[in-house]
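The values are calculated or read from the model by the stated rules, or taken from the named source; none is laboratory data. Predicted model, so just to flag it, every value in this text is computed and none were measured. Reconstructed Cβ throughout: ideal geometry from the backbone, glycine too, with neighbour counts over all protein chains shown. Protein only, heavy atoms only, side chains kept; ligands, DNA and RNA dropped before computing areas. Shrake-Rupley method; radii C 1.70, N 1.55, O 1.52, S 1.80 Å.
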Amino acid sequence: PRVWWVQKMFNPSMKQKVEDGSNYKVFLEPEKKLSVEDLKAAMRSHYDGTKYDPYVNQNTQDDIYRTISVFRTYESHIMQVRPWLPTEIGRVTYVALGMADLSVYLPYYYGLDGFIDGYDKGSYESDDESIYWVYRKLQTLVMTDYNKYSPVVKEAYKKFEADLNKKQAKFEKEYVELYKKDKAKANELLNEFSKNTMTEAKELTQKLTNEIFTMLTKDTDAKWKQLNKNKKD
């Protein structure tokens, strides 16, 4: 089913039955040139807009297919190589920590020499230092009521990525010009941009966590008030 869905995304004119997977073509040329955004959408997909979407249509008889974006995902990534650019920025990997549908893709350039604090920490148990758990805590909260909370997070990350795309284009243009004159300074610019991006994404995620936590607290309070309404003190 996951192959059916991606082939449906990249080759929409081709009609295939979801149950006929053993007869699918092994290799297909997409009908149009794929962008990083196309691949992000594929990694985030969960049969969006169909009866098979297990997150939107919960507890139904149609929740029968495993999605591409599953909660237990540790990370997903998209690798891009642009040989016409300096190697330091020409090779970039976009990574989303945790469940792709509820995460944000950040660019990690080949020329990056380190990360902000927290990328070197983490375990299977939640903590207050690991970058992984920064994202994971938010995703766990959202999954308590996906239909209500996910639009808040997805809209915020969508805006963040759109703004980041503009910043990234501006940075890469500056990098190429500076690279011709001073490679060391160009790489300083690369690392400053990258670490600022990591920090901004972390801060946004922490802000969203508090926002969803506030919403969940109000919803929980309303639920228990209703349950206790006719009970004696």
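Each of Asn23, His77, Gly90 was scored by the projection of its Cα onto the charge dipole of the chain, and the greatest displacement toward the positive side belongs to Asn23; charges sit on the C-beta of Lys, Arg, Asp and Glu. For the range 1-146, a simple Cβ point-charge model (Lys and Arg +1, Asp and Glu -1, everything else neutral) yields a dipole of about 700 debye relative to the Cα centre.
To the nearest whole percent, what portion of all C-alpha pairs in the range 109-179 is separated by more than 16 angstrom? Intermediate values should be presented prior to the final figure.
On the way: 1673 of 2485 pairs.
So the pairs more than 16 Å apart make up 67 percent of the total in the range 109-179.
Counting every C-alpha pair in the range 1-43, the share spaced more than 12 angstrom apart comes to 60%. Entry note, the chain: the mean residue ellipticity at 222 nm calculated from DSSP H runs of n ≥ 4, each adding -39500 (n - 2.57), is -17000 deg cm²/dmol after division by the residues and rounding to the nearest 500. The calculated P(r) of the chain, using every Cα pair and 5 Å bins from 0, goes 1, 6, 11, 14, 15, 14, 12, 10, 7, 4, 2, 1, 1, 0, 0, 0 in percent. Taking chymotrypsin sites (Phe, Trp or Tyr not before Pro) across the range 123-155, the ones in a DSSP loop with at most 10 further Cβ atoms lying within 10 angstrom of their Cβ are Tyr124.
Taking trypsin sites (Lys or Arg not before Pro) across the range 120-223, the ones in a DSSP loop with at most 14 further Cβ atoms lying within 10 angstrom of their Cβ are Lys121.
Rounded to the nearest whole Å², what accessible area per residue is found for the chain with the 1.4 Å probe?
On the way: 14500 Å² over 233 residues.
Result: 62 Å² per residue.
Here the chain is scanned for GluC sites (Glu not before Pro) in DSSP loops (not H, G, I, E, B) that have at most 16 other Cβ atoms within 10 Å, and the longest stretch holding none of them is 130-233.
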